[in-house]
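Report on one structure; see the data block that follows.
Taken together, the values in this text are just the output of simple stated rules run on the coordinates, not laboratory data. Here the structure is a predicted model, which is why all the values come from computation and not from measurement. Note that we place each Cβ from the backbone using ideal geometry, even for glycine, and neighbour counts take in every protein chain shown.
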Amino acid sequence: MESRDFSIKEAFRFGVRGLTAHPNIFIPLFLIISFLTTILLVFFNYMSHAGGWGLVIQLRGMFPSVSWRWAPYLLEFAAFIIYSVSIQIAMTKIFLDIVDKKEPSIGDSFFGNSHLWPRLIMANILFALMVSLFPALSYFTAKMAGIDLFSQSPDYSRQLYIVAMIFSVLLLYGFLFYHCLMIERGCPVINAFKESLKIAHDNQRKIFLLGIVMILIIAIPQLITSLSLRAWKASEAYATYRHNLAAQYFIVVFLQKIPAFVSGSIAGLSFTYTYRQLAGKPKDDDVFNVERYLKEEGQNGG
């Protein structure tokens, strides 16, 4: 593979320019994601209370010999998978169009991607397992040494776990392009991880630094908004709006969701710009063809 290079500074600049140059795309996209997130949270809340117990009771009545206590959790997991993969595909397609100086289409980004779902879900689960490996090994190694990492306060344990997860992602930086390869070129799961390693091979240090920059881009606004919310809740103004749910929702959206969306979009655009600089544009033979895929699957099934 041809050796390529990229600039972290230029990647960040492109992320900022790409976001500010397409308000007609990112404002509706923010509203759609906020709406989908609200639906998901309402569903989780419903399933964790009356809906979940009602479902279990109905299923037990229909199939008394089977234990259904995990049914609500499985439905919540399925809903989260549908939500996360839909947004992952849509955002990646939009980022790729912006990088390639094409006009993105929100409708095309969210629909017509069913052929990508099975492989992408498998790849996401595999990557999540790899990311979880480092915290698990750290915990069991410390446990064998007689150190209980989670014996401290809940806040300390949570922060320690988040730090371990961040280091896991940084250690696996060579695999970070897998979803771009799968969404754009339709690579199978294992091939996507292998190709990602090839793309990152000659720029390991810079991709590692880019990962740190992206984490800071996302984490710093979140830290600022979290501290702002904490300060607001401790102020006298919070007592005024404590029972006003509309005002609270507006403030949470303004202080949390918007900064998270903006910083995440900048990081995503920067990352996708880096992918395009290192991988180049795919040739016609590299691009996934739905008709060819269905034909091959039919032959394999036969």
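Odds and ends about this structure:
- Using the average count of surrounding beta-carbon atoms within 10 Å as a protection proxy, the listed peptides 195-207, 107-119 rank, highest first, as 195-207, 107-119.
- Taking packing as the residue-averaged number of other Cβ atoms within 10 angstrom, the listed peptides 261-268, 187-194 run from highest to lowest as 261-268, 187-194.
- When each of K257/K281; K9/K101; K93/K206; K9/K93; K198/K257; K206/K233 is checked by Cα-Cα distance, pairs over 30 Å: K257/K281; K198/K257; K206/K233
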